[in-house]
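I'd like to ask you about the structure that follows.
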Amino acid sequence: MRNQKENRRAKLPRGWRKIYRYALLELKKLDLPDSFRITAVHETDGSLTVEYRDAGDRETAVRKILSALKKQSASTCRDCGRQGRLCNLGGYSLTLCHRCFNKYYGDVSAGSSEAVYLAEKMKSWFRWYY
Ligand SMILES: [Zn+2]
């Protein structure tokens, strides 16, 4: 199992690249000050948080785009970009789809009965989707 702190520092999760790029395009349209910078991108409790500086008088618009991105990331699988849901894996939170959840579950320590229970629970969450 990889160290979770290392994961958090790693680059943007693959499944979120598309929505992140979309948010960047939206930001570009805002005609932001030249000094505007994205200073950090974090995966926090299953959603994507973007930190920035120098949005100038576009502060409200930037905040709106980035909070929409955060909200969207919370329902998008971080690994594949499908519809996802916040999952608790051995004490930490990741937004995953049913398939990626099962893939991850092999990596975390838990009793097998718990694994089966959680896999069934996930299926019911995604019933409308699959
Ligand atoms: Zn997935």
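The values are calculated or read from the model by the stated rules, or taken from the named source; none is laboratory data. No experiment lies behind these values; they were computed from the predicted model shown. Using ideal geometry, Cβ is built from the backbone for each residue, glycine included, and neighbour counts are taken over all protein chains shown.
If you go through segment 33-52, how many residues are assigned to a strand (DSSP E or B) and surrounded by 12 or more Cβ atoms within 10 Å (Cβ to Cβ)?
Going through segment 33-52 one residue at a time, the tally reaches 10.
Something else now. I'm checking my understanding of the structure. Among residues of segment 53-63 that are exposed (fewer than 13 other Cβ atoms within 10 Å of the Cβ) and either under 23 Å from Thr95 (Cα atoms) or of a type in the set (D, E, K, R) (or both), which one is modelled with the lowest pLDDT?
Keep residues of segment 53-63 that are exposed (fewer than 13 other Cβ atoms within 10 Å of the Cβ), which gives 53, 57, 59-60, 63.
Among the residues that remain, those that are also either under 23 Å from Thr95 (Cα atoms) or of a type in the set (D, E, K, R) (or both) are: 53, 57, 59, 63.
On the way: Arg53: 92, Asp57: 95, Glu59: 96, Arg63: 97.
That would be Arg53.
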